[in-house]
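Remarks on the structure that follows.
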Amino acid sequence: LRNNYRHQIRRRQPYQQQHDDNVEADASLIYSEKRPRLSEEKLNALRQLDFVWDVQQYLWVRRFDELCLFRAQYGHTEVPIDCAEFPKLGKWLANQKREYKYLFQETKKPTDNT
């Protein structure tokens, strides 16, 4: 698969060298056409590399796993912002608490006095 793409790139290089002044026009043609979907072959190639499709979800799960490790080690989830062992976990946890607070305020009924 990798060699197939390299071959296509090599095949295109002489064209690019001859038409270097038309790069912008060439790019506009590419983007004006309907973009093809990923083929099954390309999807499988990305899957074999454990390609991350949803980066936000991946990072959330990664921090959650770190929180589980922290809790197993220390018996609580009050991670300091400057935790050397898990440098990004404290800030992530503070962001989760802030998001929870916003969610709670948005779902709180106006008649609630608590």
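The values are calculated or read from the model by the stated rules, or taken from the named source; none is laboratory data. Because the structure is predicted, anything quoted here is derived from the model rather than measured. We place every Cβ from the backbone using ideal geometry, glycine too, and count neighbours over all the protein chains shown. Accessible surface areas use protein heavy atoms only, side chains included; no ligands, DNA or RNA. Shrake-Rupley method; radii C 1.70, N 1.55, O 1.52, S 1.80 Å.
Which pairs turn up if I take residues in segment 87-107 that are more than 13 Å from Arg62 (Cβ to Cβ) and look for partners that are open to solvent by 60 Å² or more (accessible area, probe 1.4 Å) and β-branched (Val, Ile, Thr) with beta carbon separation below 8 Å, at least 6 apart in sequence or on another chain?
Gly90/Ile81; Lys91/Ile81; Ala94/Ile81
Please work out which residue is farthest from the chain's Cα centre (by Cα), limiting yourself to segment 47-77 and to residues that are outside any helix (DSSP H, G or I) and surrounded by 10 or more Cβ atoms within 10 Å (Cβ to Cβ).
To start, the set of residues in segment 47-77 that are outside any helix (DSSP H, G or I) comprises 49-54, 75-77.
In the following step, the residues that additionally are surrounded by 10 or more Cβ atoms within 10 Å (Cβ to Cβ) were identified as 52, 77.
Values: Val52: 7, Thr77: 25 Å.
For segment 47-77, the residue satisfying everything is Thr77.
So which of Leu49, Leu59 is under 30 Å from Lys97 (Cβ atoms) and either at pLDDT 90 or above or in contact with a Leu (Cβ under 8 Å, 6 or more places away or on another chain) (or both)? Walk me through how you get there before you give the answer.
On the way: Leu49 fails: under 30 Å from Lys97 (Cβ atoms).
Going through Leu49, Leu59 in turn, just one is under 30 Å from Lys97 (Cβ atoms) and either at pLDDT 90 or above or in contact with a Leu (Cβ under 8 Å, 6 or more places away or on another chain) (or both): Leu59.
Quick check on segment 23-46: of everything there that is at pLDDT below 85 and among the hydrophobic types (A, V, I, L, M, F, W, C), which residue is most open to solvent (accessible area, probe 1.4 Å)? Let's see the steps before the verdict.
From segment 23-46, those at pLDDT below 85 are 23-37; that's our starting set.
From the residues that got through so far, the ones that are among the hydrophobic types (A, V, I, L, M, F, W, C) too are 23, 25, 27, 29-30.
Numbers: Val23: 81, Ala25: 52, Ala27: 36, Leu29: 102, Ile30: 85 Å².
Of everything passing the filter in segment 23-46, Leu29 is most open to solvent (accessible area, probe 1.4 Å).
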